[in-house]
Amino acid sequence: MTKVFGSLVALDDVSIKVGAGEFHALLGENGAGKSTLVKCIMGFYQPTRGQLLVDNREVLIKAPADAQAAGIGMVYQHFTLVPCLTAAENMVISRADAPAVIKWAKEKEELQAFMERMPFRVPLNTVAADLSAGEKQKLEILKQLYLNQRFLILDEPTSVLTPGEADEILGLLHDMARAGDITVLMITHKFREVNAFADRVTVLRRGKLAGSGSVNDLSTDDMSKMMIGEAQMREKAPRLARVEPKSTIEIAGLSVDDNEGMRAVDAVNLKIRGGEIVGIAGVSGNGQSELVEALAGQRSLAGGAVIVNGRRFDATRKDFADLKVFGLPEEPLKNAAVKRMSVSENIAFRSFDKAPMASIGWWLKPAAMRDNAVRLIDKYHVKTPSAETPIENLSGGNVQRTILARELSGDVNVLIVANPCFGLDFASVAEIRAQLIDQRNKGAAILLVSEDLDEILELSDRVAVMSGGQITYQAPIDETDRNTIGKYMAGH
């Protein structure tokens with residue numbers, strides 16, 4: 001399969017074979033071609049060259065309806081259910097032959113018979129909005145099986161699930177594949193899931209096939225090397241046992257409302273000492289985003305306060321400077337940068353009105369800004385044509401490195417980071433995680449909000465679980481485990 005967009009070869013002569021009854025993992029970094037490949041299979045894109053064979057027969061797929069007719073279905077990273085309809089209604093309306101007038105008694109009887117044949121079920125009369133995340137994902141899969149799709153493509157299927165829900169659903173699909181009922185192609189970035197559930201793996205790198213093989217024959221290191229090639233990886237920073245703390249941040253009874261005026265963060269209390277990383281785990285949508293926005297000054301408080309070293313922190317520019325509070329928010333191109341301004345200008349946001357970059361607070365010195373940017377670009381390994389390049393022209397990893405350069409180049413007492421490695425290449429992930437440990441070792445108090453539990457477990461000294469807008473569980477990282485954290489993430 002080859003797919004060309006103008007001068008960009010997004011997919012370059014990639015061949016992949018998924019055997020019947022196989023659970024096959026598709027790996028690759030952001031931009032490796034995974035999404036392009038499955039979009040060609042599903043009919044969203046038309047390949048420039050190549051063939052698709054189903055049961056050794058070539059099929060022509062010009063639209064998703066053709067893929068459905070060939071028995072190929074896709075479960076997307078984000079739910080595609082209609083929230084106000086019941087599970088039964090979501091399933092029936094997904095059919096191409098759904099009648100204009102639906103006889104619900106007959107349909108529900110047939111759906112119940114279908115459910116009896118399935119290894120897992122969901123309540124048919126429950127509105128989709130009232131289902132748990134795990135039940136919604138089960139419904140998405142059941143919908144494909146109901147449509148008689150026996151080749152299932154899963155796109156990061158566990159990104160919105162707790163660890164327990166993820167293991168349950170992947171385990172059920174693995175058992176169905178072993179029984180010969182379905183065949184699975186799963187896009188994922190989680191090696192733990194590959195090793196636990198997949199039979200074979202295919203790895204893409206920069207639009208080309210980098211390698212494939214049996215999971216039993218490949219180590220995690222083998223798969224990583226296929227994904228990143230010869231890229232240089234930063235070594236993990238050592239975690240110092242004894243650290244002199246610089247500062248303390250205390251979140252005291254903090255309450256924050258969402259965009260609809262509903263309470264998203266409800267009287268949260270959390271204290272972080274200098275020299276420790278506290279990781280907040282939780283399923284997306286439990287108030288983590290609103291908490292980070294409030295700490296960054298992007299959302300008003302409905303109650304409570306934030307205290308840094310005994311002084312109230314109101315998230316003004318002066319507070320950030322005086323108390324040495326810095327941050328790396330989620331989606332930094334949206335939340336921490338001005339896209340059309342240069343790398344140099346974005347790096348200068350914290351200090352553009354201070355010497356040596358300005359005189360008397362307002363006379364700016366572009367040459368000094370540029371010299372500072374060039375120094376930090378080199379120190380933080382930012383790949384950019386020049387310091388004057390608009391930051392929107394950089395890759396996601398290099399945008400993150402640019403913001404890190406700005407936020408970590410001075411004396412840091414408090415650091416607030418949210419999903420710092422989402423969607424980044426391995427080299428950028430290794431660099432960012434090492435920088436966080438470095439700051440922790442220097443005595444900074446670090447709040448890490450992440451939906452990646454593996455990241456929480458790797459970096460944190462202490463973990464807190466956020467569920468329903470509240471902190472429902474706290475423990476030192478060496479006194480807890482994945483299953484316990486997952487139970488609290490699920491609200492139990």
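Computed values, structure above
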item	result
Index of the failed condition, ILE446 passing every other in (1) buried (at least 18 other Cβ atoms within 10 Å of the Cβ); (2) assigned to a helix (DSSP H, G or I); (3) among the β-branched types (Val, Ile, Thr)	(2)
Test result for ASN346, under 28 Å from the mean Cα position of the chain (by Cα), assigned by TED's automatic domain parsing to the domain that holds ALA418 and not in a loop (DSSP other than H, G, I, E, B)	yes
When residues of the stretch 370-409 are limited to those that are more than 15 Å from LEU328 (Cβ to Cβ) and small (Gly, Ala, Ser), the one surrounded by the most Cβ atoms within 10 Å (Cβ to Cβ)	ALA373
Qualifying positions in the stretch 1-35 - at negative phi and within 19 Å of the chain's Cα centre (by Cα)	ALA25, LEU26, LEU27, GLU29, ASN30, ALA32, LYS34, SER35
Given (1) in contact with a strand residue (DSSP E or B) (Cβ under 9 Å, 6 or more places away or on another chain); (2) touching a residue at least 24 places away in the same chain (Cβ under 8 Å); (3) not assigned by TED's automatic domain parsing to the domain that holds GLN474, number of the condition ASP266 does not satisfy	(3)
Flag if GLY253 is outside any loop (DSSP other than H, G, I, E, B), in contact with a Leu (Cβ under 9 Å, 6 or more places away or on another chain) and either more than 30 Å from GLU29 (Cβ to Cβ) or at pLDDT 90 or above (or both)	no
Residue under evaluation LEU333, criteria (1) within 25 Å of the chain's Cα centre (by Cα); (2) outside any helix (DSSP H, G or I); (3) surrounded by fewer than 19 Cβ atoms within 10 Å (Cβ to Cβ), criterion not met	(2)
Tally, over the stretch 311-330, of residues that are part of a loop (DSSP other than H, G, I, E, B) and surrounded by 14 or more Cβ atoms within 10 Å (Cβ to Cβ)	5
Pairs where the first residue, in the stretch 60-78, is in contact (Cβ under 8 Å) with a residue 40 or more places away in the chain and the second is part of a loop (DSSP other than H, G, I, E, B) and among the basic types (Lys, Arg), C-beta under 7 Å, 6+ apart	GLY71/ARG150
Test: residue in the stretch 114-128 that is assigned by TED's automatic domain parsing to the domain that holds GLY171, surrounded by fewer than 16 Cβ atoms within 10 Å (Cβ to Cβ), in contact with a Pro (Cβ under 9 Å, 6 or more places away or on another chain) and not aliphatic (A, V, I, L, M)	no
Qualifying residue in the stretch 199-219 (condition: within 21 Å of ALA166 (Cβ to Cβ) and of a type in the set (Gly, Ala, Ser))	no
Failed item in (1) in contact with a Lys or Arg (Cβ under 9 Å, 6 or more places away or on another chain); (2) surrounded by 19 or more Cβ atoms within 10 Å (Cβ to Cβ); (3) more than 28 Å from ALA198 (Cβ to Cβ), with GLY33 passing the rest	(3)
Any hit, the stretch 480-489, residues being surrounded by fewer than 19 Cβ atoms within 10 Å (Cβ to Cβ), out of contact with any Phe, Trp or Tyr (no Cβ under 9 Å at 6 or more places or on another chain) and acidic (Asp, Glu)	yes
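The values are calculated or read from the model by the stated rules, or taken from the named source; none is laboratory data. Please read these numbers as outputs of a predicted model, since none were measured by experiment. Cβ: placed from backbone, ideal geometry, glycine included. Neighbour counts: every protein chain shown.
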